[in-house]
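Scroll down for the structure; my scribbles are underneath it.
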Amino acid sequence: MKFFDFTLILLLSSASTLALAATEPDTRAVLVGVGEYTALDADLQGPPNDVSLMADMLLAQGVAAGNIHALTDPGTQLPGDLTAVAPDRAAILAGFAQAIEASAPGDTLIFYFSGHGTQAPDDNGDEEGGFDEIFLPRDAGRWNGAIGDVENAIRDDELGALVQRATERGIRLIGIIDACHSATGFRALPDGAGRARYIDPTTLDIPEDTLAAAGSVTVPMGDYVFLYAAQSDQRAFEYPLEDGAWYGDFTRSLVNVLRDTPDLSFEQLVQAVSQRMQMRTGQVTQTPEVEGSLATETLFGGDTVQARFGLDGTRLKAGLLQDLTVGTELALFAGPEAQEPAGTAIVTALRAGEADVEFQDPYPDVRVTQATITRRALHLGFEVTISPEAQEQLERLAPGAIEALPELLDMPLTDAGTNTIVWAVGAFALVGRDGVLDAYGPGTSPRLASEDDGDNLLENMAISLNDRARLSRLEQALIQLDGQGGGGLSLLKSSPDVTVSRLSGTERGGRCRLTGEAAPITARAEAVHCDGLELTVSNGSTKMQDVTVLYVDAEAGITMLWPRPNLSNRIPSGESRSIKLGLRNTSDTALRESVLVLSVAAEPGSARTVLNALASGQARGQGGPMGDYLAQLADPASGSRSFSLTQPAGALTLDRIDLTVAPSSGNPLR
């Protein structure tokens, strides 16, 4: 059932704020987080924390504590007066059903699941893929041939029936499930920093030969929206903070975006969450998705107030969990009712759930107890470690390389970096914090050097790592600058509007030819050798826009696609520009590449901003102040993780398209 594919089912009001007035429809939430499993060796550490985080956010938005039903590990510390009920199968289904019965037409129901997911044979022939997606409650067991099912599992069909019952009653349903059901064959390394919320069906003794024939997909009617933490070929991960507390990456990002940014539609919310996850390391490890009849509706109303954090002296009750950065600027308030700031402060040190701040002159003349973020300092970094196996192979191929490599790098090697060098059968590859090698097919994780490089192995590895570090920092900077004109994170931009289509192509006589068949794509797309892309950039704002289009190849090289020589890249208000490019892959593996569309607002008579300084091999001074600024942020030799440099005039916006380009033969993507 497609709409229960993976990750979060966030059931929130689609058109009105969650801070509900007495005369407005009611909101209820069923929050499920399964950390401890009684019959399976599959415990997770993040789900109880996820439920607490979700409950805290809902309470802050005005949802009554009596309307929040929390099912998670007994003993979990929950906000307010909430208590935890064990998340067994019967309790989860009963809690969902009772919330439906207690809701009236026009009410909003929130169902959230954080825990393990997997797949099982389709028991009624209604699934396109020949299997049901199932969720594993606390008392889930293994495959039982007598009943033809995983003991105490909850199938998507069962949840789907409850969803249908709710929408038929006129209830607005919004879902969040932080679990995944990926059936792909990639492997997660055992020493990866994260933990996937997925159990392989064979681990549960599910027979491989029991998949049923494909069928149709059931789609609910009425007002609903489903948010997924990952695509169908990805897994949802949880990660620890520095204090050891684990959280689902999607849940943590979702709650932080909701706290930071009002007036988001569900589609904008999912896009912002995707960027927030990538912001931390510059990597795309999972891409959330949204669908449903309410997908374009506004999540919060216009009266939503920006979240405030508690302040006790110079100790802020927010930290790494809320994605704060050193150098972040705060406005200080005397209390929850105060409308005018009483002073400002800067974050000087961070811990998991709190931060130290330093008051700025002029100092507050009253006692301040709350703070809001006014400008988030950029957080940039690229940390690398080497797995034990890779160290052994590197020393075998290049004796003394372990000691020599740090001298060739623009960043330090660490014992616990968010990027890890691993040995991948004849070559050294780089994996992200999820620890997944070749998530998009064989060879799609970056190869740094090969055993065939001989005497050049160490130099090639250093060059590749320095290029990866520069690209990662640049992408982190672009994400955080997007739409802000000086730090932070926002997708609330009116222009430019970038639309992209994939053009099917074929190779004839050694030359690529486009067939003319176009398919619209969004943030992530799959293509084949000889396909093409058509990008149209439309300026719907009242200001002119200077647009630069960059192509990032699988080797971390950056090429400027547009503007072409002697052509202006300035797009006046109300006009548009289109470009086409061909995609090539003559290798024997799929390639992970991307297109970056960068736009800078321009004033009449100002010099054009062309960000050619960001292309590989270009020197500073060729892209104007903005280009030099971004090049400085991207430089891994700078070593700083937080920046508060003054950004040049003109708000910068980013549109990004990630591509998996397969070779023409043996293509699994089409």
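Computed from backbone phi, the HN-Hα couplings of region 360-372 come to 10, 6, x, 6, x, 9, 9, 6, 9, 10, 9, 8, 10 Hz, rounded to whole numbers (Karplus: 6.51 cos²θ - 1.76 cosθ + 1.60, θ = phi - 60°; Gly and Pro given as x).
Sorting 513-521, 30-38 by average packing, meaning the other beta carbons within 10 Å per residue, from highest down gives 30-38, 513-521. Calculated FRET efficiency, Thr506 and Ala245, Cβ-Cβ r, R0 56 Å, to nearest 0.05? Step by step, r from the Cβ atoms, then E = 0.60. For the pair Gln632 and Gln360, the difference between a 0.36 nm per residue extended length and the Cα-Cα distance amounts to 95.2 nm. Per-peptide packing, taken as the mean over residues of other Cβ atoms within 10 Å, places 246-258, 467-479 in the sequence 246-258, 467-479 from highest down.
Highest mean packing comes first when the peptides 263-275, 147-159, 71-83 are listed by Cβ atoms within 10 Å, giving 263-275, 147-159, 71-83.
No lab work stands behind these numbers, since they all come straight from the coordinates. In this text the structure is predicted, and so the values were computed from the model without any measurement. Here the Cβ is made from the backbone with ideal geometry for all residues, glycine too, and neighbour counts use every protein chain on show.
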